[in-house]
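Structure, as structure tokens:
The values are calculated or read from the model by the stated rules, or taken from the named source; none is laboratory data. Predicted, not measured: the structure shown is a model, and the values here were computed from it. Here Cβ is always computed from backbone atoms with ideal geometry, including for glycine, and neighbour counts include all displayed protein chains. The accessibility values were calculated without ligands, DNA or RNA, using every heavy atom of the protein model including side chains. Shrake-Rupley method; radii C 1.70, N 1.55, O 1.52, S 1.80 Å.
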Amino acid sequence: MEQRHISLQITGLSCAGCAGRAERALAAVPGVTSVAVNLTSAKGQVEATGELQLNDLSKALDQAGYPAAQSHLSLDIQGLSCASCVGRVEAALQAVPGVLKAEVNLASESAEVQYLTGAARGADLIAASTEAGYPARLRFQEADARAQVSQRKADEIKSLSRQALVAGVLTLPVFVIEMGSHMIPALHHWVMANIGMQISYLLQFLLTTLVLIGPGRHFYTKGFPALVRGAPDMNALVALGTSAAYGFSLISTFAPAWLPHGTANVYYEAAAVIVVLILVGRLLEARAKGRTGAAIRKLAKLQPKTAFVLVEGQAHETPIDQITAGDLIQLRPGGQVAVDGVVRSGSSYIDESMLSGEPLPVEKAAQDRVSAGTVNGAGVLEYRATHVGSDTALAQIIQMVEQAQGAKLPVQGLVDRITLWFVPAVILVAALTVLAWLLLGPAPALPLALVAGVSVLIIACPCAMGLATPTSIMVGIGRAAQMGVLFRKGDALQRLQEVKLVALDKTGTLTEGHPALTNVQMAQGFEREAVLRLVGAAEAQSEHPIAKALVEAAGENLSKAESTEAIPGFGLRARVEGREVLIGAARLMQREDIACAALAGQAEHWAKVGETPFYVAIDGVAAAALSVADPIKPGTPQAIRALQAQGLKVAMITGDAAATAQAIAGRLGIDAVRADCLPGDKLAVIKDLQAEFGTLAFVGDGLNDAPALAAADVGLAIGTGTDVAIEAADVVLVSGDLRRALDALRISRATMRNIRQNLGWAFGYNILLVPVAAGVLYPFGGPLLSPALAAGAMALSSVFVLSNALRLHRLRSNIDEEQMPGAEAPATHSLAE
């Protein structure tokens, strides 16, 4: 039996015992004859029979806790014209030893391949695709490579335009002579009198031959080899149909005696018009395909070509690819941020709308972060580069969007299985159509059979079926990125529209994530500014979050406290500007015999709505009642109402006490509350909510949200949160505004609706028109479809699918539309989480 040698890169090996366990796991896989795992190189060398499946090795290592390293490769695939091509290339790539998954995207003409590191090479993948009849090359992620791809697509459009124009000019006389003679008797008489039938046929023969061997040549150079390989595609259908019409016309022109009497008709115009219309259709399709990737191109264009690097105080304009982490960069007014960095000096406002979708510029000063691609306002900044090249947020966003755009949704699986057999089925139907017309059709049966058979071959359109899903995904995910919603995983697009409940983490998601002074009630005889100044000075030395909120509210230029004393469980005593200041809960005032009755009612009300009240006394007299809370983000109330208006339930998960959580939920109108949740409890709470409500989306931002984000049906991470949370999520909301979750939901629903429309059209078109082309309506007085009309219908079917997908570009953000008027002022609540 044939033996195979397989080399695997293994992760997680830290000792000889690990290597031994990995060896035993591999040796237990059926078909493995010998294994050697090298701890130093972390490689496993496997000898196995030819029947072994590499996925079995990967699963065995996963179960043993030492996963096989996997690599990812992107390829540009040439020659893709329909969904059948997609199936052929995927099959060829998946047949390469070491490949775990291969997904081909017809809309972007690319392939994403996942393979076991060390078990396959890029050259093997390129060779496999090329041998299948679809030349491939590595797809690079850099901006210049994208420019090359854009140029290649522009060249393709120019070439198609030129071919369609030449074909149209050559076909017009053929069409006028043949079809014009049928429609206008006077033109027929003129042709017969001045040109003659035989000369007319010869002229049509010459012009049509030029069309077929010129602009239409690639249909035959691609279509017939595909037929020989037993893998017919769209080109094969066109080649067969036009060859049949052209061949019959040749016999009618040069050997009419070979045909039954009265059947020697010519169909040159059918062959020529088919080529013209399909070229025009592909031209429109190429232009529409170019627009599906507009979002990526817009993102890529945000990257400037140069930046001003400061060397010994002098600014030098430097190409972007020569900038390294640590360089000091000068950002001038109106300039674009070249790489990610941290501001060292200066202040300005930065427009981050291209990344976050937020329309208002953000103030930047020392120690603030800036991101590549954002646009500076009127100020001058100096910033230190921290991430360059492919490590910048912009580059990672582009990569994330490209990977999500290339994903296949579950709905695509059925489409792929159908389209794989669609073209062979069409050829069979065409053959049966010709046979049926020859046996059952009226005289003259032969030309009628030819017309029906050619029409079936030409009208069938697997392209529309193949483009229905990927084009919508590309446009939808690209539009989402422009709104500040990044789909890290493409299948989240389908799952999100099935969600019944949206569960929200509280701190950092519903709220700002840090305390702030929310209310001040002054006692008679005291001024707000003076009291806050004393409070800020007293708290200035404390690191407590509440103290920081009070200092921030007090403003700048605070006096220094002469003395401070923390009173555990009660509050703080300090001497500021010669005055004694007490800050604390009601029990501190009671202990010090300070009357607070005039302020107590207001403080109790704040406590009931989830805020944290306390008192300030100056020189033994109650001066003010204050409350601190974690403010609810401005868009949160509107977002919750909008989610509920769409039929969704909203739940809040918080570590607050039940009474506080219920008060917050009551103010926001939240449907379900899970309070007193420790970080480790969130996973169990998610599973309980799934059991109660069904499909669930969870929105969170913190380190402790990562397990819940991973366990939810769809995890949405706030982009201002931790890297761990973002890595665990399916969708990233670049800004901290909860209304971006509404945008994600809108994109999901609109895209899936668009896909259903496209699939309905694509399948409905073929199911209805293929029988019409075969002539099923003819016995009942219906028409026998002309091959030229069939070509026009086929060309327009793909254009319809692409045009429908491009409508997703018109989707607007919930924030931009301001669909939720009458928003309440930002609410606030407790700090305890």
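Points worth noting:
- Qualifying residue in the stretch 634-645 (condition: in contact with a His (Cβ under 7 Å, 6 or more places away or on another chain) and on the phi < 0 side of the Ramachandran plot): no
- Candidate set from the stretch 188-231 (those that are assigned to a helix (DSSP H, G or I) and among the small types (Gly, Ala, Ser)); member that is farthest from Glu131 (Cα to Cα): Ala193
- Failed condition for Ala244, given (1) within 30 Å of Arg88 (Cα to Cα); (2) without any contact (Cβ under 8 Å) to a residue 12 or more places away in the chain; (3) in a helix (DSSP H, G or I): (2)
- Of all residues assigned to the stretch 238-252, none qualifies as being farther than 23 Å from Leu170 by Cβ, loosely packed, with under 14 Cβ neighbours inside 10 Å and out of contact with any helix residue (DSSP H, G or I) (no Cβ under 7 Å at 6 or more places or on another chain).
- Extreme residue, farthest from Ser347 (Cα to Cα), among residues of the stretch 377-395 that are hydrophobic (A, V, I, L, M, F, W, C) and crowded, with 16+ Cβ neighbours inside 10 Å: Ala395
- When residues of the stretch 403-415 are limited to those that are open to solvent by 40 Å² or more (accessible area, probe 1.4 Å) and either without any contact (Cβ under 8 Å) to a residue 40 or more places away in the chain or in a helix (DSSP H, G or I) (or both), the one nearest to Val86 (Cα to Cα): Leu414
- Test: residue in the stretch 301-315 that is surrounded by 14 or more Cβ atoms within 10 Å (Cβ to Cβ), under 29 Å from the mean Cα position of the chain (by Cα) and of a type in the set (A, V, I, L, M, F, W, C): yes
Results for (1) open to solvent by less than 10 Å² (accessible area, probe 1.4 Å); (2) closer than 24 Å to Ala127 by Cα; (3) in a strand (DSSP E or B); (4) touching an Asp or Glu at 6+ places or on another chain (Cβ under 8 Å), shown as yes or no for each residue.
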{"site": "Val35", "(1), (2), (3), (4)": "no, no, yes, yes"}
{"site": "Glu51", "(1), (2), (3), (4)": "no, yes, no, no"}
{"site": "Gln63", "(1), (2), (3), (4)": "no, no, no, no"}
{"site": "Gly79", "(1), (2), (3), (4)": "no, yes, no, no"}
{"site": "Leu93", "(1), (2), (3), (4)": "yes, yes, no, no"}
{"site": "Val96", "(1), (2), (3), (4)": "no, yes, no, yes"}
{"site": "Leu100", "(1), (2), (3), (4)": "no, yes, yes, no"}
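- Restricting attention to the stretch 526-544, the residues being in a loop (DSSP other than H, G, I, E, B), over 17 Å from Ala566 (Cβ atoms) and not hydrophobic (A, V, I, L, M, F, W, C) number 1.
- Test: Ala793 is assigned to a helix (DSSP H, G or I) and open to solvent by 10 Å² or more (accessible area, probe 1.4 Å): yes
- Residue in the stretch 208-223 that is open to solvent by 40 Å² or more (accessible area, probe 1.4 Å), modelled with pLDDT of 90 or more and over 45 Å from the mean Cα position of the chain (by Cα) present: no
- Test: residue in the stretch 512-527 that is closer than 28 Å to Ala717 by Cβ, buried (at least 16 other Cβ atoms within 10 Å of the Cβ) and out of contact with any Pro (no Cβ under 8 Å at 6 or more places or on another chain): yes
- All helices (runs of 4 or more DSSP H) inside the stretch 562-646 with 3 or more residues being more than 56 Å from the chain's Cα centre (by Cα): 586-591
- Between Leu643, Leu626, Leu599, Leu582, the distinction of being at pLDDT 90 or above, surrounded by 15 or more Cβ atoms within 10 Å (Cβ to Cβ), closer than 20 Å to Asp701 by Cβ and not hydroxyl-bearing (Ser, Thr, Tyr) belongs to Leu643 only.
- The set of residues from the stretch 741-790 being touching a strand residue (DSSP E or B) at 6+ places or on another chain (Cβ under 6 Å) and either among the hydrophobic types (A, V, I, L, M, F, W, C) or not in a helix (DSSP H, G or I) (or both) comprises Ala741, Ala744.
- Arg344 vs. criteria over 25 Å from Ala481 (Cα atoms) and among the charged types (D, E, K, R): yes
- Residue check, Leu493 surrounded by 21 or more Cβ atoms within 10 Å (Cβ to Cβ), among the hydrophobic types (A, V, I, L, M, F, W, C), out of contact with any Cys (no Cβ under 8 Å at 6 or more places or on another chain) and within 16 Å of Pro613 (Cα to Cα): no
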